Amino acid sequence: MKSKAAIFWEAGKRLDIQEVDVEKPHTGEVLVKLVAAGICHSDYHVMTGHLFAPFPSILGHEGSGIVAEVGPGVTAVKPGDHIIVMWRLSCGICEYCSNGRPALCPAGTQIRSTGQLLDGTTRFKYKGQEIKHFAGASTFSEYTVIPEGSALKIPQDFPLEIAVLLGCGVITGVGAAINCAKVKPGSTSVVFGAGGIGLNIIQGSAIAGAAKIIAVDINAKKLDYAKTFGATHFVDASKKNAVEAVRALTDGRGVDYAFEAIGSPETVRQAFDCLAKRGMCVAVGVVPLTKEVAVPIMALVFEEKTLTGSLYGSARIRQDTMMLMEMYKAGKLKLDELLTRKYPFAQINEAYDNLIKGEVARSIVTF
Ligand code: APR
Ligand code: ZN
Ligand code: ZN
């Protein structure tokens, strides 16, 4: 079948909307008609070459839509089901899946690194040329083919344009606070970067009961958004030394939890330097993966500070997504406030321009 899709030809080039051919789903695969796709900074890291992904390909890892067709052997979903695309495939039986950490499953690594589906082939072609998949998701297309294990069925009455947000930004941010850092009531957090991910770390810290939540950003508008999501203190890092400002806001003690949601080694180190003794720093932003961050051994041993990272909100993705939907319905999770702009799919490059200009909390394209 034919589908309009945004092709990523190579790093440094804008996405190119073309009509591609989409092959029918093979065994264990699902054809999805996308309703919405999320504009996340991670795809932009790929477009700029900071993060490698096989190309030419169709990017996009946040998506919601309706199952159009299923391949042989598929039992989890049927045509007409509403789904969220999960961008990290998991097998369900390996060590990591069995221990509630499906994002660390080797199946996800395989599909992400090859740009192919599990049988080693692809379903997209442009004028006969093979176009690769991205993370088994490829949501920047009217139609995509994903593994059955990447489809998360959701209730039909949950709005798909809100559900898409749960596919990456919300679970990654809220999960980093709740699952990875395990933020305690009454504690103090700092969040570097109040974008789509950082706002959800702020929201997760607030839900967990942190008493003081410090938002750090270089864009005043983002600090305004941060307030909506529960931040109590604000540092404009374009005007102040962020580490000194955070120390001043905590009477010199430092914070219990520091999160980095920007994607640079410098800000990971700044976040680490904000910690109190026994504090935990969680890297959530994706820096160029070959980069390193150095921290003093003194801080690790004599101050028992921890530096770790969190992938996909360290979540049990299926259960946690359902939990987040319940929280939204109960008025305990802010999603409407997060979605500050929607674009028609044809304006996807403009959507990325505006993300980089810092004009949105989170935005989506609709099909
Ligand atoms: N100090 C403080 N804030 C900064 C700095 C800095 N030096 N540089 C950028 N920022 C802020 C931006 O102003 C923006 O508000 O970081 C925020 C990044 O937000 P988004 O562009 O919305 O990106 P998001 O989708 O949230 O992703 C953030 O998480 O998953 C990763 O790959 C993703 O590395 C990216 C990070
Ligand atoms: Zn597994
Ligand atoms: Zn994302």
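The values are calculated or read from the model by the stated rules, or taken from the named source; none is laboratory data. Remember, it's a predicted structure, so these values are computed and weren't measured experimentally. Note: ideal-geometry Cβ built from the backbone for every residue, glycine included; neighbour counts use all protein chains shown. Side chains included, ligands, DNA and RNA excluded: accessible areas come from the protein's heavy atoms. Shrake-Rupley method; radii C 1.70, N 1.55, O 1.52, S 1.80 Å.
Numerical summary
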{"quantity": "Segment 6-22 - phi-based ³J(HN,Hα) in whole Hz, Karplus 6.51/-1.76/1.60, Gly and Pro as x", "calculated": "8, 8, 9, 7, 5, 4, x, 9, 6, 5, 10, 7, 9, 8, 10, 9, 10"}
{"quantity": "Label-point separation in nm, residue 109 to residue 127, each point 7 Å along Cα→Cβ", "calculated": "3.8"}
{"quantity": "Backbone N under 16 Å from the residue 337 label point (7 Å along Cα→Cβ), restricted to segment 203-217", "calculated": "203-216"}
{"quantity": "Candidate aspartates and glutamates for bridging to residue 240, where Cα separation is under 16 Å - those fewer than 8 sequence places away on the same chain excluded", "calculated": "217, 266, 273"}
{"quantity": "Over the chain: helical MRE at 222 nm, DSSP H runs n ≥ 4 each giving -39500 (n - 2.57), nearest 500", "calculated": "-7500 deg cm²/dmol"}
{"quantity": "Against the rule of thumb 2.2 N^0.38 Å, how large the Cα Rg of the chain comes out", "calculated": "0.96"}
{"quantity": "Probe 1.4 Å, all protein chains present, accessible-area order of 188, 228, 144, largest first", "calculated": "228, 188, 144"}
{"quantity": "FRET efficiency for residue 248 and residue 359, using Cβ-Cβ distance with R0 set to 41 Å, rounded to 0.05", "calculated": "0.85"}
{"quantity": "Amide hydrogen neighbours beyond the local backbone of residue 281, cut-off 5 Å, H modeled", "calculated": "258, 306, 307, 308"}
{"quantity": "Pairwise FRET efficiency - residue 298 versus residue 44, Cβ, R0 = 41 Å, nearest 0.05", "calculated": "0.70"}
{"quantity": "3J(HN,Hα) from dihedral phi, segment 313-330, Karplus parametrisation 6.51/-1.76/1.60, rounded to Hz, x for glycine, proline", "calculated": "x, 6, 9, 7, 4, 5, 5, 5, 5, 4, 4, 5, 5, 5, 5, 5, 5, 7"}
{"quantity": "Value of relative contact order over the chain, rounded to a whole percent, pairs C-alpha under 8 Å and six or more apart", "calculated": "17"}
{"quantity": "Accessible area in the full protein assembly, largest first, 1.4 Å probe, for 325, 280", "calculated": "280, 325"}
{"quantity": "Residue-span extension gain [residue 350 to residue 277] - 0.36 nm each, minus C-alpha spacing", "calculated": "21.9 nm"}
{"quantity": "Residue-level accessible surface for residue 247, protein heavy atoms, 1.4 Å, Å²", "calculated": "60"}
{"quantity": "Restraint check, 221/334; 153/332; 182/305; 33/153; 24/127, Cα-Cα greater than 20 Å", "calculated": "153/332"}
{"quantity": "Residue list for segment 107-142, given a label point 7 angstrom along the Cα-to-Cβ vector of residue 16 and an amide N cut-off under 11 Å", "calculated": "126-127"}
{"quantity": "Residue with peak Gaussian network fluctuation, the chain [Cα springs, cutoff 10 Å], from 191, 216, 74", "calculated": "74"}
